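Remarks on the structure that follows.
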Amino acid sequence: MKLSRLAALIFGAALGLVLPAVGALPARAADAPTGLALTVDQPWAAEGTQGTWTPYSVTVRNDGPADFTGDVWLVPADPRHPVAAAYPAYRTRVAVARGGERSVAMYVIDAPGGYQAQVRDEGGRTLLREDLKSIVHATSSLAILSDLPQADQRILAPLRTLSRVDASLRRFPGAPAFPTSAVNLAGLGGLIVDQFDSAALSPAQVQALRDFVGLGGSLILAGGPSWRRTLLPLPADLLPLRPAATGAAGLRALSDLAGRDADPVAQVVTGEVKGRVVLAAAGGLPLVVEGAYGAGRVIELAFDPFGEPFDSQAALAATAWSQAIERAVSLYPAPGRGGFGGGPGNAGAGSGLVGAWAPGFSPGADQLFQLLQDTPAAATPPAGLLGGLLLAYVLLAGLLNYLFLKAAGRRGLMWVTTPLIAILFTGAAYGVGFGTRGSDFFDNEFQVQRLAPDGAVETYAFHGIFAPHKGDFRVRVPAATQVSTAVNQGTVSGGEQAVVTLDQRPEIRLTGVGVWSMRTVQTLAVGHPYSYLPRSAMPLEAHLQLVYGHFRGTISNRGSRIVTGLRLVGGAGTDLALAPAIPPGASVSVDVEATPAGPGGGRGGAGTRPTALRLAALEAVGGRPGALSLVGLTAAGGGLVVDGARPSHTVLAALVEPVELEMADSLTASPPPLRLVSSLLAESNLWVNVYDFDLKPGRGSRPPALGYTFVPSQSGLQQLEVFDWGAGTWRPLPRLAPQVNRQASSTLQPGEFGAGTIRVRVHENAFNSASLMVAEP
């Protein structure tokens, strides 16, 4: 009998230990209704972009006997991470008919360790969990619009073995899948359009495409025999080669990029050239034309790499796609590829990707957080006030209380009056403190507005929200807005993890909010607050030249908002004050010395305005070496709705607009950035890499010098050649002895720079072993 009781006790104890553990196990497919399945994917993402917007695509498949209605959730995959609470959970309602499936796209600031997808029923019970099966390991992310089912794989297949292109590629399955707002292309660096019926795009989708490029994205367009379907329906200002007819051209210039001697023939589109021809067939027929639109670039191929002779020659197809994609991604050097870009190479500091500025994960993170906290709602009482209150309390509760009671002959009542005075004084001080802060919610907002043609504005908005009482509350943001509570890496502003409900208008539920403690919200939206003609112009129309060490020209404000504190900033250290204010419709003349800013830049000084300009400059200069941007302060609207009402609201807005110099008479004050435009594997395991320096007009006939360095530890440089645009040939430059670390310089001939581009072909077995630069001789 005793043994049986002992066995029962042991069994009960074991059961008590096992059951909680079983309950804590992740839900498996068997827990879900029969036939319900969950998959999760990231359509595009890139390495080194922590803190940027990235989409998750979650698909629920229902092969069960009944319809299903529930919620799809995204929750941080590593909830034990020290800052996991700073990243919200996301939920959206899904209804999946029997035998069908439903996919939803959810845009997030990726949490440490990523997000996990879950399916929950209407009662909140978790039915399925799924982590990302494949994580993108690429330095650039692109997508493709094509009617060919395997278009993305047909591009990547030859590139993986014959090219150094390091990009992920995702195909939109058709026109209905393409977004109607550029905000849903956040984090995507480039878009390819090839063998696609562009007429199937709605006006809203075409506008999204225009905004995507104008805000900094790259667009690769392919012509060939199908140009009428692919190119003709697109806006004319996105076509640097306006299509008109079909012709044939030899591709020797394309083969040249890979160091191959071949001249296959392909069908090409011909027409009016509005951009810059960067690759031409014999006789000057354009093969590749580049054009600028806003902050972005369009690379138009006259041929179709999906057609012949590319379809039967993998090396030729790799050459075609490599030079197109490298031209696109060279706009924003990726981490690990700073050799040809020379910039910071950190998307977290602003990479040029649409929606890729990550202020909470960049050098300006602390400044941003302090800016949001710089409000009376978060301010501590002045030391003088606290000291005065303390002195008044001591006098009232001590000396004055004693004298009054002594005069009344009731000194014994001090045992009662002293604690009563303490209670009354504390309550009065508490009431005065809250009275000065008000009884409404307070929203302290900072915006960075990136301007683009057609009056498009991409707005990064950062909110510090303060509550007059503790508890839970809800925040609503406008429709078509990406939202997160992650603003500053490593900082959790208090409270529990937020939940974002994705609906017509996203809603954030903040729980456990303390009295006057700050909770942060970050949003991303694209709108069109400006209306003017021509549509292809920028809101700030700048005509600037660099002449005799001075930036000179005019800047006109086409928008409807005044711009103050306008500055010119650049990745090479440029930071110059241009104008104190430009009202709407006004123009100003500019003539400032091109003196680089000292350490810390020229936006020094304390206060919210200098801090706002510094943060805007971080967004402007990151990832684009040598690029220039206009930065200033402007008016802003917007604001959030908290618990159904508009809170008290302060907002500070800074704008960023890229600007191109029309002329530069000096390479020293305006050095051209080095761009990798092709990377191919040739014979004998050597890489043939082609680099371009794009020169500004204005230097006249003075020949620049090409500098190059041989580093023995790299020992990769085998041959260096410079292209003669007039003769169509390559001139080899002197080789350097491999046993010394030596610099060399070669003065270029007129045909090697007269076309406005210096092109260098390097045969090497180590990346960028030539260490190229261009300077005055």
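Take peptides 71-81, 512-522 and line them up by average Cβ neighbours within 10 Å, highest first, as a rough protection proxy. It would help to have the intermediate numbers written out before the result.
Details: 71-81: 18.1, 512-522: 19.7.
Taking the mean over residues of other Cβ atoms within 10 Å, the ranking is 512-522, 71-81.
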ask   = Based on the Cβ-Cβ distance of A204 and R699, what FRET efficiency does E = 1/(1 + (r/R0)^6) give at R0 = 45 Å, to the nearest 0.05?
value = 0.55
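Please give the length that would be gained between R125 and E776 if that part of the chain were fully extended, namely 0.36 nm times their separation in residues minus their C-alpha to C-alpha distance (nm, one decimal).
Values: separation 651, 0.36 × 651 = 234.36 nm, distance 6.93 nm.
Here the segment from R125 to E776 would lengthen by 227.4 nm.
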query = Could you give me the ³J(HN,Hα) list for segment 517-525, computed from phi with Karplus coefficients 6.51, -1.76, 1.60 and θ = phi - 60°, whole Hz, x at Gly and Pro?
reply = 9, 7, 10, 9, 9, 10, 10, 9, 8
inquiry  = Run the numbers for R731 and K470: contour at 0.36 nm per residue of separation, minus the present Cα-Cα distance, in nm.
reply    = 86.6 nm
key: J(HN,Hα) series, segment 577-591, from Karplus relation 6.51 cos²θ - 1.76 cosθ + 1.60, nearest Hz, glycine and proline x   = 6, 9, 7, x, 6, 10, x, x, x, 9, 10, 10, 8, 10, 7
query = Between A479 and T39, what is the spin-label point distance in nm, taking each point 7 Å from the Cα along the Cα→C-beta axis?
reply = 3.1 nm
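Values in this text are rule-based calculations from the coordinates and carry no lab data. Because the structure is a prediction, the values reported are computed rather than measured. Note that each Cβ is placed from the backbone with ideal geometry, even for glycine, and that neighbours are counted across all protein chains shown.
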